[in-house]
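Quick notes on the structure that follows.
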Amino acid sequence: MGDVANAVNETRQWRRLMQWAELGAIPGDGVNRPALSALDRQARRMLIAWAGEIGASVSIDAAANLWLRREGSDPAAAPVLTGSHMDTQPAGGRFDGAYGVMAGLEVLTALHDAGVVTRRAIEVVAWTNEEGSRFAPGCTGSMSWAGFRPADSWNDVRDQDGVSYGAALAEQLAAEADLPRRALGSRPFACIEAHIEQGPLLEAEGRDIGVVTGIQGSRWFTVTLQGQSAHAGTAPLRLRQDAVQDMVRAISALNALTADPQDVLRFTVGRINVSPNSSNSVAERVVFTIDLRHPDRDVLLERGDAMEAILRDAVKTCQVSVVENFHAMPAQFDAGIIATVQAAATALGISSSQMPSGAFHDAQFVAPIAPTGMIFVPSRSGISHNPAEFTSAAQLAQGTRVLAQALVALAG
Ligand code: HGY
Ligand code: MN
Ligand code: MN
């Protein structure tokens, strides 16, 4: 098995990641490559070409998830799955998601170079829209594949330019109509996703690999406050229905609800849309997002369920609507897969530590379908969702070697 890990090529992996990073490059070594965009399709075409060089087959499903497959000696055996996502945050880094897809490709390429045929096929997937920043929520590709939600659940969700998810998905499928179509949904034998940690723990502990034990739960809400626009100079404050002032009251009340002295709970208001968004017109409408996370299901349910009443009580003059558009409970990874990843790191003499994931990942929607786990590589200063996100070529290659070792162990 070690010969496949040894065939992992650090330079090739890094060079290809940097080629992807040029697609949507933004200052500071960042990347802005939205899901279902022309840039996304350019990056996918590069992946398709690299897969073709090693004889891996390529297909696409109705959610536009992109699948690479390297055949095994036993075509009847369920495949081993790896992969991640290629879409980025608007001010994203070069490695979030992209690394996990590239690591999968690199393992297939190492198998090819080493002339090793596994019993089970190995598949690499690039999931559609993991980030959920262009079209909320995230993980719509993996949720569609897993049957967690019907695949058409988000067709009417619109991006900031008014383009619907359904239209963007149709455009992607039309642009990639040359690819063989595969059914939506499958049952892999096992799954391991490689990803950057996006936090500071591995660097702080001086460890090279995170053996991920599970993923904390996430709930997303969209809050709309509908007031009335008015003249900033003439409208008396006592008569105003000011959506911005009500937003301030609402967020202050939510801060009190989500206060946590242990700093475990995560509460974020990341997006605020104000209209008419003019300095001398009272805001008639505010739409803001809530991202709530916690590793304990009961806390996540209790705090999240309390939000709407707290909001309504805090808001003074506007109409309130609260819609929950993402409801992902904490996921526990499979003990056997955790042990397989741990054993792979140990066999390669690579330091590791077991840890939960603060970020959500597509793997959490695979976990109910097949035994699933994840491998983390360190993030410099724990920075992610930021152009300064960085992991070195050597650290990435170590993660890919552990992935190769674990996938080959599972694929036989
Ligand atoms: O938001 C997340 O946790 C993931 O990085 N998209
Ligand atoms: Mn990610
Ligand atoms: Mn991300």
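A few comments on the model shown:
- From the list ALA328, ALA388, ALA367, the lone residue that is away from ligand 3 (no atom under 16 Å from the Cβ) and modelled with pLDDT of 95 or more is ALA367.
- Among the residues of the stretch 88-105, those identified as hydrophobic (A, V, I, L, M, F, W, C) and over 13 Å from the mean Cα position of the chain (by Cα) are ALA91, MET102, ALA103, LEU105.
- The single condition among (1) within 15 Å of ligand 2 (Cβ to nearest atom); (2) crowded, with 24+ Cβ neighbours inside 10 Å that SER384 does not meet is (2).
- From the list ALA253, ALA235, ALA309, the one residue that fits, being surrounded by 13 or more Cβ atoms within 10 Å (Cβ to Cβ) and part of a helix (DSSP H, G or I), is ALA253.
- Of note, GLY270 does not satisfy the criterion of being surrounded by 18 or more Cβ atoms within 10 Å (Cβ to Cβ) and in contact (Cβ under 8 Å) with a residue 12 or more places away in the chain.
- When the residues of the stretch 107-125 are filtered to those that are part of a loop (DSSP other than H, G, I, E, B) and in contact (Cβ under 8 Å) with a residue 12 or more places away in the chain, the one that is nearest to SER59 (Cα to Cα) is ALA121.
- Scanning the stretch 256-267 for residues that are hydrophobic (A, V, I, L, M, F, W, C) and exposed (fewer than 13 other Cβ atoms within 10 Å of the Cβ), we see that the one that is nearest to the chain's Cα centre (by Cα) is ALA259.
- Of all residues in the stretch 197-213 being within 11 Å of SER353 (Cβ to Cβ) and out of contact with any strand residue (DSSP E or B) (no Cβ under 9 Å at 6 or more places or on another chain), the one that is nearest to ligand 1 (Cβ to nearest atom): ALA204
- Scoring TRP67 on the criteria (1) among the hydrophobic types (A, V, I, L, M, F, W, C); (2) within 16 Å of ligand 2 (Cβ to nearest atom); (3) part of a strand (DSSP E or B) leaves a single failure, condition (2).
- Positions within the stretch 214-247 being more than 16 Å from ligand 1 (Cβ to nearest atom) and within 18 Å of the chain's Cα centre (by Cα), in sequence order: none
- When each of GLY83, GLY104, GLY100 is tested for being surrounded by 24 or more Cβ atoms within 10 Å (Cβ to Cβ) and in a strand (DSSP E or B), the lone residue that passes is GLY83.
- Residues (within 11 Å of ligand 2 (Cβ to nearest atom) and on the phi > 0 side of the Ramachandran plot) located in the stretch 94-125: GLY97
- Sub-8 Å Cβ pairs linking a first residue in the stretch 68-91 that is in contact (Cβ under 8 Å) with a residue 12 or more places away in the chain to a second residue that is in a strand (DSSP E or B) and within 13 Å of ligand 1 (Cβ to nearest atom), at least 6 apart or interchain, are THR82/GLU193; GLY83/TRP127; GLY83/GLU193; SER84/TRP127; SER84/GLU193; SER84/HIS195; HIS85/TRP127, ordered by first then second residue.
- Out of ILE54, ILE60, one residue alone is away from ligand 1 (no atom under 16 Å from the Cβ), farther than 24 Å from THR372 by Cβ and either among the aliphatic types (A, V, I, L, M) or crowded, with 20+ Cβ neighbours inside 10 Å (or both). It is ILE54.
- Those residues of the stretch 20-47 which are farther than 26 Å from ASN155 by Cα, surrounded by fewer than 20 Cβ atoms within 10 Å (Cβ to Cβ) and out of contact with any Asp or Glu (no Cβ under 9 Å at 6 or more places or on another chain), in sequence order: GLU22, ALA25, ILE26, PRO27, GLY28, MET46
- The numbered conditions (1) within 16 Å of ligand 2 (Cβ to nearest atom); (2) touching a Cys at 6+ places or on another chain (Cβ under 9 Å); (3) among the basic types (Lys, Arg) are all true for ARG285 except (1).
- Strands (runs of 3 or more DSSP E) wholly inside the stretch 316-412 containing at least 3 residues that are within 19 Å of PHE189 (Cα to Cα), within 16 Å of ligand 1 (Cβ to nearest atom) and in contact (Cβ under 8 Å) with a residue 24 or more places away in the chain: none
The values are calculated or read from the model by the stated rules, or taken from the named source; none is laboratory data. Every value quoted in this text rests on a predicted model; they were computed, and no experiment measured them. Reconstructed Cβ throughout: ideal geometry from the backbone, glycine too, with neighbour counts over all protein chains shown.
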